[in-house]
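The values are calculated or read from the model by the stated rules, or taken from the named source; none is laboratory data. Being a predicted model, the structure only gives us computed values, none of them experimental. Positions of Cβ are generated from backbone atoms using ideal geometry, with glycine treated the same way; all protein chains shown enter the neighbour counts. Quick note on the areas: whole protein, heavy atoms, side chains included, nothing else; ligands and nucleic acids left out. Shrake-Rupley method; radii C 1.70, N 1.55, O 1.52, S 1.80 Å.
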2 protein chains.
Amino acid sequence: MSIRANDPTISSWLQVKTASDFPIQNIPFGVFLTPDDVITIGTRIGDHAIDLGALHQLGYFEGIPLTDDIFLQDTLNDFISDGKKTWRLVRNRISEIFEASNPKLRDQKKHREAVLFSMSEVEMQLPVQIGDYTDFYSSKEHATNIGKMFRDPENALLPNWLHIPVGYHGRSSTIVPSGTAIKRPKGQTLPKGANQPVFGPSKMVDFELEMAFITTDANAMGESVPVDQAEDHIFGLVLFNDWSARDIQKWEYVPLGPFLAKNFASSISAWIVTLDALEPFRVESPQQKPDPLPYLRHSGNNSFDIHLEAAIETPDGISTIVTKSNFKYMYWSMAQQLAHHTINGCKVNSGDMMGSGTISGTGEESFGSMLELAWQGTKPITLSNGDTRTSIQDQDTVVLKGYCSRNGYRIGFGEVRTRLLPA
Amino acid sequence: MSIRANDPTISSWLQVKTASDFPIQNIPFGVFLTPDDVITIGTRIGDHAIDLGALHQLGYFEGIPLTDDIFLQDTLNDFISDGKKTWRLVRNRISEIFEASNPKLRDQKKHREAVLFSMSEVEMQLPVQIGDYTDFYSSKEHATNIGKMFRDPENALLPNWLHIPVGYHGRSSTIVPSGTAIKRPKGQTLPKGANQPVFGPSKMVDFELEMAFITTDANAMGESVPVDQAEDHIFGLVLFNDWSARDIQKWEYVPLGPFLAKNFASSISAWIVTLDALEPFRVESPQQKPDPLPYLRHSGNNSFDIHLEAAIETPDGISTIVTKSNFKYMYWSMAQQLAHHTINGCKVNSGDMMGSGTISGTGEESFGSMLELAWQGTKPITLSNGDTRTSIQDQDTVVLKGYCSRNGYRIGFGEVRTRLLPA
């Protein structure tokens, strides 16, 4: 089945600004509250929010096997469970409906009024109920930076890192969508030179520039997903800010890993961009040496060329881009992560989320966290307003953005924007 | 409000065998499938399964504020959300209904037939939809044993252990109820002396003797639960077998903690015994030195005297109790665990599960895992049939049991019984 919706020559009868993240070739999925306080599943073209629940009720998805209420839900989980074939049919149909030459909805004022909102009128929600959330640690540059800082600069990577897409479980209950302010966490830390911990607000709140993928029901418990089929179980991607309290992390994380240093908040962008929409932007992953074990081997273009950036916006409204990175730097692919996650029979459900880990590039200007950018506080970053930062301050807003660009069009993720409130 | 249901002098018109885990003073909550394939919330007295959905429809909970369908659900999450006052009212009412002298249901054959099943007729389900699952590491003896084996026998406890109820996030999707067989996991391990990992079935599958508590909605994101209010947000406890693949764990767990070594399966008992039912069995926790930070300080009897045991049943049907331990050995109380978990604002929802960590006592005969009992394989255990074990073998069944006993009655958890199938 072809991905008709990706045809770069299609334009929409809806107005789309140049360089919008959301041309008719994107068609992401999300959940929003309409001005009438109705929750619905929707998509977006330009700055238009499109109510898929209303569109379905009006018969626009006729011929596609969908239950009547599939879009009248407060999460995408059931739609994602319908599987890849259905996602593709729906996305292609949306493309048809909004194609410039198609008069069906374009010339039906009543229908248009029922279906279309301005993005400024709607309130975006968390797009899925996340059952389980896993975070990987798959950027070699990031893992190397951390190893240099906290362990041995000469042997920065741990012995397992080149063999395993290292990952750990995170907390689902505190994942919030873009626009939700979060609080500086309190907790235990061990001051330098002290032998007793103290309690108080974290002094080292950091962002982590990540992406995360959302899965469908991938397997039965006890079964594994082969690496070359893994992408069929990935619905799409979001931007992901894995908020971290470095001082809490340092004191708590040996031997069982990060816990309260991470689970106070994690922020994702509101629109899930499908793997189908990203198809034109496939690139090779970095070469892997040594060869991974057979269950992790695959060939072809298993990554995506997604430009990423993080900015700090100070309370005066001045924004400074502090890093530019790219999803393609990831050493382990999403397919390898999912194959590894299930090799022991671990069950993956619809709506589960798997983060990439901080995505750092090779140059200092592409590091994915303040920990690396300011190198453990030793190299403060200067912002556009002259302030300096080694970590995120109260009332700072961190904004992550991401987009692909090629062949005259751009597929973007919008942003994940989060203000840090005082403890 | 008094806990009338705990009165040890009450007996039931339902027959209860001596030394049953489920006298009328227990009244645990669970979910089962009736012989007519209906899912319902229920309780248990003796070997009688009681359909609370049917009981509610027949008007037996009149006067208690409950929605009509509160027990006609496939999980306890909504009922747990109703809060402690409601749990107590319902438990007291059930006690009244089944008290020997109460003719209301006893003498109504039609009602009895609608409400009562034999335990052998029903199929127990997972009692809650577990949103997030956390496992603590709160037995000092267990943490010390692990430290002795893998680190420094002279400094077995890590510096943070006496200050923090150390914990980490686990995987909810593979938590299964008693009776569900599991598969030996496959994965990467590093053979002794090798510098390249190999792939295959784990050679060191182990049980961990734990208990876990189930929470209600405890807080809003960004808020903390004070230690002296924490127990109000705990619905009850289950037995918990935190299955572990030691060889996979050893290779993967540095630096981010256990992942595939644990998330292939975790098993819980099917009945949640309420904190109210355990009230008569309160005991002090071990003394804590040094004093924890103020947010973790509390006084009084914060633990429970729950006898625990683990048995291995070989395919010939012969069972050997391999360890006897007790929940009261836990250094950190459940209240301290929950207060710590939320001190950074982490949100806790109805149906979340928090494991104790392996509960080992001081003597060798009370260690809570094969890793400790057979001391890393150096001291094989001899079973009743003459076989020896250093880990769990294919087709072995591990059975954990737990009960409290005092004042002439016993409150038990039944068992969590799990057979290990080949990879």
Put +1 on the Cβ of every Lys and Arg and -1 on every Asp and Glu Cβ in the protein assembly as shown; which of A:PHE22, B:TRP243, A:THR189 then has its Cα farthest towards the positive end of the dipole? A:THR189
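Using R₀ = 41 Å, calculate the FRET efficiency as 1/(1 + (r/R₀)^6) where r is the Cβ-Cβ separation of A:ASP78 and B:GLU154; round to 0.05. Working shown, then result.
On the way: r = 56 Å, r/R0 = 1.37.
About 0.15, to the nearest 0.05.
Accessible area, 1.4 Å probe, largest first: how do B:SER350, B:SER101 sort? Walk me through the numbers on the way to the answer.
On the way: B:SER350 15, B:SER101 90 Å².
Reading off the accessible areas and sorting them downward yields B:SER101, B:SER350.
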Report, for A:LYS379, each distance to the same residue's label point in the other copies, shortest first and in nm; define the point 7 Å along Cα→Cβ. 5.3
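Normalised by the number of residues in chain A, what is the relative contact order in percent for Cα pairs under 8 Å and 6+ residues apart? Intermediate values should be presented prior to the final figure.
Values: 1007 pairs, mean separation 87.2, N = 423.
For chain A, the relative contact order is 21 percent.
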Work out, step by step, the length gained on full extension between A:GLN57 and A:SER405: first 0.36 nm times the residue separation, then minus their alpha carbon distance; give nm to one decimal. 121.8 nm
Along its three principal axes, how long is the protein assembly as shown when you only count alpha carbons? Whole Å, largest extent first please. 80, 66, 52
Could you sort B:THR43, A:THR144 by accessible area so the largest value comes first, with the probe set to 1.4 Å? A:THR144, B:THR43
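Need one value for B:347-359: mean number of C-beta atoms belonging to other chains within 10 Å of its residues' C-beta atoms. List each step's numbers first, then the result.
Working: counts 9, 3, 2, 0, 0, 3, 0, 0, 0, 0, 1, 0, 0.
Mean inter-chain Cβ contacts per residue within 10 Å come to 1.
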Spin-label zone in the range A:318-346 - amide nitrogen under 20 Å from a point set 7 Å from the Cα of A:VAL283 along the C-beta vector: A:322-337
What does the net charge come to around A:TYR137 if you take all other residues with beta carbon closer than 13 Å to its beta carbon, with K and R at +1 and D and E at -1? -4
Cut-off of 10 Å, at most 16 other beta carbons, DSSP loop: longest stretch of chain A lacking such trypsin sites (Lys or Arg not before Pro): A:18-150
At A:PRO103, with labels set 7 Å past Cα in the Cβ direction, how many nm apart are the copies from this one, shortest first? 8.1
For the range B:133-421, the charge dipole (Cβ of Lys, Arg +1; Cβ of Asp, Glu -1; about the Cα centre) points to a positive end, and the Cα of B:ALA220, B:SER285, B:MET204 closest to that extreme belongs to B:MET204
From the cross-link list A:LYS203/A:LYS262; B:LYS17/B:LYS109; A:LYS203/A:LYS250; A:LYS140/A:LYS289; A:LYS262/B:LYS148; B:LYS186/B:LYS262, which pairs have alpha carbons spaced over 20 Å apart? B:LYS17/B:LYS109; A:LYS262/B:LYS148
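With a 1.4 Å probe and all protein chains kept in place, how do A:TYR409, B:TYR329 rank by accessible area, largest first? Numbers along the way, then the final one.
On the way: A:TYR409 25, B:TYR329 80 Å².
I get B:TYR329, A:TYR409, largest accessible area first.
How shielded is A:122-132 by partner chains, expressed as the average number of their Cβ atoms within 10 Å of its Cβ atoms? Could you put the intermediate results ahead of the total?
Working: counts 0, 0, 0, 0, 0, 0, 0, 1, 2, 7, 11.
Mean number of neighbouring Cβ atoms from other chains: 2.
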Going toward the positive end of the dipole of the range B:327-423, with +1 on Lys and Arg Cβ and -1 on Asp and Glu Cβ, which of B:THR378, B:CYS404, B:TYR331 do you reach last? B:CYS404
In the Gaussian network model of chain A, springs joining C-alpha atoms below 10 Å, which of A:PRO294, A:PRO185, A:PRO35 carries the largest mean-square fluctuation? A:PRO294
For A:ALA49, enumerate residues with amide H under 5 Å from its amide H, sequence gap 5+ or separate chain, H modeled in the peptide plane. A:PHE117, A:SER118, A:MET119
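Let me spell out the model: positive unit charges on the Cβ of Lys and Arg, negative unit charges on the Cβ of Asp and Glu, origin at the Cα centre of the range A:133-421. What dipole size does that give, in debye rounded to 20? Please report the intermediate quantities before stating the final value.
Details: 25 positive and 31 negative charges, 136 e Å.
Using only the charged Cβ atoms, the result is roughly 660 debye.
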Using the heavy atoms of the protein chains and a 1.4 angstrom probe, tell me the accessible area per residue for the range B:211-313 in square angstrom. 29 Å²
Probe 1.4 Å, protein heavy atoms only: B and A together bury a total accessible area in Å², to the nearest 100, of 5400 Å²
So what J values fall out for the range A:223-240 if you push phi through Karplus, 6.51 cos²θ - 1.76 cosθ + 1.60 with θ = phi - 60°, rounded to Hz, Gly and Pro as x? 9, 10, 9, x, 4, 7, 10, 4, 5, 4, 9, 9, 6, x, 10, 9, 6, 9
Residue with peak Gaussian network fluctuation, chain A [Cα springs, cutoff 10 Å], from A:ILE318, A:ILE272, A:ILE359: A:ILE318
Of every Cα-Cα pair in the range A:69-163, the percent that sits beyond 21 Å: 63 percent
Do any residues of the range A:267-300 show a loss of at least 30 square angstrom of accessible area between the isolated chain and the full protein assembly, using a 1.4 Å probe, and if so which? A:LEU293, A:TYR295
Using a label point 7 angstrom from Cα along Cα-to-C-beta, what distances in nm, from shortest up, separate A:LYS324 from the other copies? 7.0
Any idea of B:GLU279's accessible area? Nearest 10 Å², probe 1.4 Å. 70 Å²
Rounded to whole Hz, the Karplus (6.51, -1.76, 1.60) HN-Hα couplings of the range A:118-129, x for glycine and proline: 7, 4, 6, 8, 9, 10, 6, 10, 4, x, 9, 7
Determine the gain in length on full extension of the stretch B:GLN229-B:VAL198; use 0.36 nm per residue of separation and subtract their C-alpha separation, reporting nm with one decimal. 6.3 nm
Would you tell me which residue of chain B has the beta carbon closest to the rotation axis bringing chain B onto chain A, and how many whole Å away it is? B:GLY257, 1
Per-residue ellipticity at 222 nm for the protein assembly as shown, helices alone: DSSP H runs ≥ 4 residues times -39500 (n - 2.57), over residue total, nearest 500 deg cm²/dmol? -4500 deg cm²/dmol
Given a 10 angstrom Cα cut-off, can you work out which residue in A:SER269, A:SER20, A:SER299 is the most mobile in a GNM of chain A? A:SER299
Carbon and sulfur atoms account, in whole percent of the 1.4 Å probe accessible area of the range B:82-124, for 47 percent
Just checking the output field for B:246-258: average partner chain Cβ neighbours within 10 Å of each residue's Cβ? 6
By how many degrees, 0 to 90 and rounded to 10, does the Cα axis of helix B:84-98 deviate from the longest principal axis of chain B? 60 degrees
Phi-based couplings in Hz for the range B:299-308 (Karplus 6.51, -1.76, 1.60; Gly and Pro marked x): 10, x, 8, 9, 10, 9, 8, 10, 5, 10
